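Okay, so here's the structure we're looking at.
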Amino acid sequence: MPGTGFDRRAIMTTELIEMSPVFGLMISLLTGFGLGLAFFWGLWLTVRSLGEARHPGLRVAVSLLLRLALAVAGLLWLVRLAGLGGGLAGALGFTLARWVVARHARPRTPEREPGT
């Protein structure tokens, strides 16, 4: 905005990330984690709703396209904003989200008593 000393473009450049590389990598990791949570949560919702869908194949295809578009756009944005290191940190966060969702989405099995 002219005259205010505020440059809106500074938010969308690497200047923010260059202030502190560790801060930039942590933000990239968290952003990747959020992208991963959205991707795998969407997958979980899709699989749960397949039983009541009229066209399950179409639902899976549309869900996949939307989830991939979000994930790829987000990771490419991270690479553009924070460089290759930020993109790799985002990919690591995405992978960590997969591990967390897979661990929590597993069906619980009842504990068996020893000897049965």
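For Leu64 and Leu92, calculate 0.36 nm times their separation in residues minus their Cα-Cα distance, and state this gained length in nm to one decimal. Write down the numbers at each step before the final one.
Numbers: separation 28, 0.36 × 28 = 10.08 nm, distance 2.05 nm.
That pair, Leu64 and Leu92, stretches by 8.0 nm at full extension.
Report, to two decimal places, the Cα Rg of region 19-105 normalised by 2.2 N^0.38 Å (N = number of residues).
Numbers: Rg = 14.7 Å, N = 87, 2.2 N^0.38 = 12.0 Å.
Compared with the compact-globule rule of thumb, region 19-105 sits at 1.23.
Which value, in debye to the nearest 20, describes the size of the charge dipole of region 19-105 about its Cα centre when Lys and Arg Cβ atoms bear +1, Asp and Glu Cβ atoms bear -1, and nothing else is charged?
Dipole of region 19-105, to the nearest 20 debye: 180 debye.
Find the relative contact order for region 19-105 and round it to a whole percent, using C-alpha pairs within less than 8 Å whose residues are 6+ positions apart. If you can, show how the numbers build up before the last one.
Working: 89 pairs, mean separation 45.4, N = 87.
Across region 19-105, relative contact order equals 52 percent.
Using r as the Cβ-Cβ distance of His104 and His55, and R0 as 30 Å, what FRET efficiency do you calculate, to the nearest 0.05? Numbers along the way, then the final one.
Numbers: r = 29 Å, r/R0 = 0.96.
For R0 = 30 Å, the calculated efficiency reads 0.55.
Read-outs: derived from the displayed coordinates by stated rules, not from any lab. Predicted, not measured: the structure shown is a model, and the values here were computed from it. Backbone-built Cβ (ideal geometry, glycine too); neighbour counts: all protein chains shown.
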